[in-house]
Structure formats: structure tokens, C-alpha cells
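**Student:** Starting off with a structure, shown below.
The values are calculated or read from the model by the stated rules, or taken from the named source; none is laboratory data. Keep in mind that what you see is a predicted model, and the values were worked out from it rather than measured. Methodologically, a virtual Cβ is constructed for each residue, glycine included, from the backbone with ideal geometry; neighbour enumeration extends over all protein chains shown. Areas reflect the complete protein model, heavy atoms only, side chains present, ligands, DNA and RNA absent. Shrake-Rupley method; radii C 1.70, N 1.55, O 1.52, S 1.80 Å.
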Amino acid sequence: MIEILHHGAVNGVTGSCHELRLSIADIGAMGVCPRRDRPLVDLGLLNSQATKGSDPLGSDPTLLPAPDSHLGILIDCGLFQGQEDKQRANAGDLAIDFSITHIRALVVTHVHIDHVGRIPYLLAAGFDGPIICSEPSAIMLPEILEDALKIGFTRDRSLINRVLDLIRARIVPVPYGQWHEVFNEGECSLSVRLQRAGHILGSAYVECDARAGNYDERVVFSGDLGAPHSPLLPEPVSPERADRLVIESTYGDKDHEDRETRRYRLKQVLEHALADGGTVLVPAFSIGRTQELLYEIEGLIAEFGDEPVAELGASGVSPRGDRPQSDNKQNSQATKGSDPLGSDPTLLPEPISGKPLTWDQLEIVVDSPLAAEFTKIYRDLKPFWDAEARALVKAGRHPLSFEQLTVINSHEDHLNAVEYLAKSHRPCVVLAGSGMCAGGRVVNYLKAMLGDARNDVLFVGYQAAGTPGRDILTYGPRGGWVELDGERYDIRAQVHQVGGYSAHAGQSDLLRFVEGIPDAPKQIRVVHGDDDAKRALQAKLKQMVPGTEVLVPH
């Protein structure tokens, strides 16, 4: 028997975790004991958190229980956010509360925290198998988990290093399009193949060839699929076969604007927002969204360089600092001793009052060490870019490293930037995390700038229910308020949304992905979406493939 189980969030778009389980009548008769003695990994305080309420090996881990009757793999193991996070607020609620003794491997679709954030808990609970992922994800996974450990687990550097060393030792990079055998034990075998998903760099959907006894099946897990024609990344191609498909539905109820429309909408929003001399604050995820926005903004600068983007007021001065000049010059030395705002902003060259600010003079600030690090990784992984992006580089353009880009790294410089931009009247675009405003440096900007009507907040991605980002998007246009770190802040800044920059496929894109499978799947499971989105996609799929069972797991 081949089963699909769901261990993550039942509702919403976070906490992704699925299991593919293989079993036969008496798997123990193979002469293999799938349920191995797995003493808890010594990860300090993570052990007590990870196993609270769920002791996978019993109270005495030295006693080997009777063999399980199955083998399996996990697809992702992510953190909860928004409403799901509030329902699972305690460390014990993030525990691995399902058996892992038969789990042979973890397959990571991509490195967003809602797909990988519980990996430390998984290790602490005793998981000792490989972590299979794409080659770009293998580079980025330790980086994203280091940040997650510092924010959500511990500041103990030695403990963090111990966890990261363990993760690095477990990672198995697998090239796209290449089958990888996970296990072949007696009458059960499983191989996986990763295909480009177009969501973020390194993202993949997972094809699983499973055999249990005389039964074999191709099961496909979509992970998060990207929208066609997204900057930088090739769009996903439908699988050649899928007997069963587990598909995401983040935007299962709506479509995005096309590439050209959203690009000019971004231009119009920026011009309108910058006209009154304020700051445009863009909450953006460190991986994916930040790099796509930089790519698009660099394109606007290249196309409209000497055209006006805003008028400068009498106090207009430019925040200056670390400006990467080109891909081969951006390195650790670039930020050495740099002060993004200058030691004395009043001493910086001041534009002539009243002169229009042109696109090629516009300052773009990335205030996120993690985003800066992943932008560097993106630049280093150009072979995984799409043809359009590689052609720009060949032509001498630097989409992720251009003259107008300023990177803020240190916390002190961040605080200076917040204070300076809140007081100045210099048009500026700031990209800061987190993308849903649930933490990170964007929160300090929001606290300082939401109350000023000349500032603008621009959302370019999905805002999960229960997050400050969703509240700002919902109540901002009504003149409402948002709670940040336990305090209420009035929203006087203008709030905008350009939905086309979501890294997720829209409804039509998801339907095309399914339609492109030569023989329709026997079963489709709709996951990873709000209830309305899942139901809408379910209804569309039932119409499109009437012979397929389409269900929403509960």
C-alpha cells in the first residue's frame, strides 16, 4: 500500500509537511528492521522542545520497539505563521508529534521557512536520514536555518553551529531531472526526481516512483509552484506522469496580472508614492521576492533612466553608502567601514531644490543582512537563471548589483536609517523583511513611518491571515490601526498592492500545470491554501478533469 499523509497545517499556507508511506502485509519479514533505535540528537534545549508530548522511541530510547510495518519519506517540514502560528504558539506545539522511526529521508522542495523551519525539531526528535534537495537549495538551506535558529530557538553560538554542522552533514544535493534512489529494501523501493518549480531559486516539485510489493505508483508533490514569466527563473513544466498529485493552492481562487502589466503598475505606484517626498516601504521576503523586485527595478532604471520619478523638496538629501558596483566587485570588502547614511548626512552633496529626481538617481535600499546574503547567492548561481536574465548579464547589465542599490547590514546602521528616513523628505525605496511584517527590520520602519501620510507601504506578495501584513492591507485603506509588538499604530501611510509579483502560481497557472500532464491523475489533493482558495481550485479541477478524484485533506 502507498499512502499520502499530511502532518502540517490543515488550513492556511504555512507549516507544510507531507509524508509518502509505503507498506506491505509484513514488512518486518524482509529481514530489515525499519524502526531503528534512534537516540535523541544532543541539541541542548531543542530536545525537550522537539519531543514534548511525543516520545517517538518511548520513555526509554535504548529499548528497540517492535518493527513498524511501513517505510516512508517526508516532503518538507515547515514552521507555522499567522493564525496557524498563534494556534501553535508554544514550543511543545511545534513538536514532531508523529512517528518518524520509519522515515528514511526528508525531501525539501525549497528553503522558505514555512517549508523548512521545523527541521531542527525533526533532528532533535531523532531523525537521522538524509536531507535531499536541489543544488541551489543545498547552498541556501543552512543560511536560512541559521537565521531561524537565532530568532526562534537560541542565541547560543555553539549550539547553533552544532545544529548547522549536523544539517550540512545530512544534505544531499540532487541535480534537477535526475532520479535519486532513497531506499530499496526487500519489497519496497522509492526514488525521487526534482524538477524546476519556478517559485524561488532552487525550488522544485518532487516526482516519487514508489513500489510496495506488486504495486507501483508515481506520486508528485508540487511544493510551491511559481508564476510563468517571473523574473530570473524558468517557469515549471508539467510532469510527464502523475498517478496522484498533491498540489498547492495559495492563489487557487485568483489570477495575477501579466508581466508587462505588473511592471508598469509597479512604475506607476512608485512614481505616485514618491511624489510627496516620502519613503516607499516594501515588506519583502529575503529569498525570492527581494531579488525579483531588484531585477524589475533595475529594468525600470535602465529603461527610464533620465525621466523624472519625483520632485525633490528643499530638504532632499540622498542616503548614501554601500553601493555594489558590479557582480565581480561585490564582496565582503564592499561594506567594510561603510556608513549607509554617512557619518553626517548634512555633509552629503544635496541636489538642487525643486529639480526632478530621475530614475537613475533613485536610491533603492535593501535593509536585511539575510536578503543581502541571498542576493549574493543568487548572483553566484547564474547558471540557474532563465535565458532572459543571463542575456542581460552577457550584455553588461547587473540586475542584482547596480549603482543605485544600497545595502544596510549592521543593526546600528539600520536604526540610523530608520530615524533618518522618517525625518527626511528624500524619496527612497526600502525593501526589508519579513514579507508578512511579522518580525524583522521592517517592523521598526513601520513603527516609525505608518503614522506619516507622505509614506507608502507597497505589498507585492501574499499576506497570511493573522499577520500584521494582512491587517495593514485590510485596515490601512480605512484609516485603521495595526498591532506591532503589543502596541497599536495608526495607519496614515498609503497602502498599495501589486499582486502580480507573487512568487506563487495563479489559478490559471495551476490549472495549466495539471492540464499539461499527458494522462490525468487518478487523484488530486489540494493543499497549502486558505479554505476559499482550496475550494475554488477544487471546483475548477473537478470541471477540468471529471474522471479524477479531487479532494481537500482535513
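**Student:** Treating the beta-carbon of each Lys and Arg as +1 and of each Asp and Glu as -1, no other charges, what is the dipole magnitude of region 201-288 about its Cα centre, to the nearest 20 debye?
**Tutor:** Charge dipole, region 201-288, about its Cα centre: 200 debye, nearest 20.
**Student:** Further, regarding this structure: Which links in LYS447/LYS540; LYS254/LYS522; LYS267/LYS540 stretch past 32 Å when you go from one Cα to the other?
**Tutor:** Working: LYS447/LYS540 42 Å; LYS254/LYS522 25 Å; LYS267/LYS540 34 Å.
Going by Cα-Cα distance, LYS447/LYS540; LYS267/LYS540 fall outside the 32 Å limit.
**Student:** Next up: Placing unit charges on C-beta atoms (Lys and Arg positive, Asp and Glu negative, everything else neutral), compute the dipole magnitude of region 422-551 about its Cα centre in debye, rounded to 20.
**Tutor:** So the dipole magnitude of region 422-551 works out to roughly 200 debye.
**Student:** Further question on the same structure: Where only protein heavy atoms count, and the probe is 1.4 Å, what is the accessible area per residue for region 442-554 in Å²? Working shown, then result.
**Tutor:** Working: 4740 Å² over 113 residues.
I get 42 Å² per residue for this part.
**Student:** Per residue, how much accessible area does region 164-221 show when a 1.4 Å probe rolls over the protein heavy atoms, in square angstrom?
**Tutor:** Working: 2100 Å² over 58 residues.
Accessible surface, normalised per residue, equals 36 Å².
**Student:** I'd like the carbon and sulfur percentage of the solvent accessible area for region 428-554, probe radius 1.4 Å, heavy atoms only, ligands and nucleic acids excluded.
**Tutor:** Carbon with sulfur: 44 percent of the solvent-accessible area.
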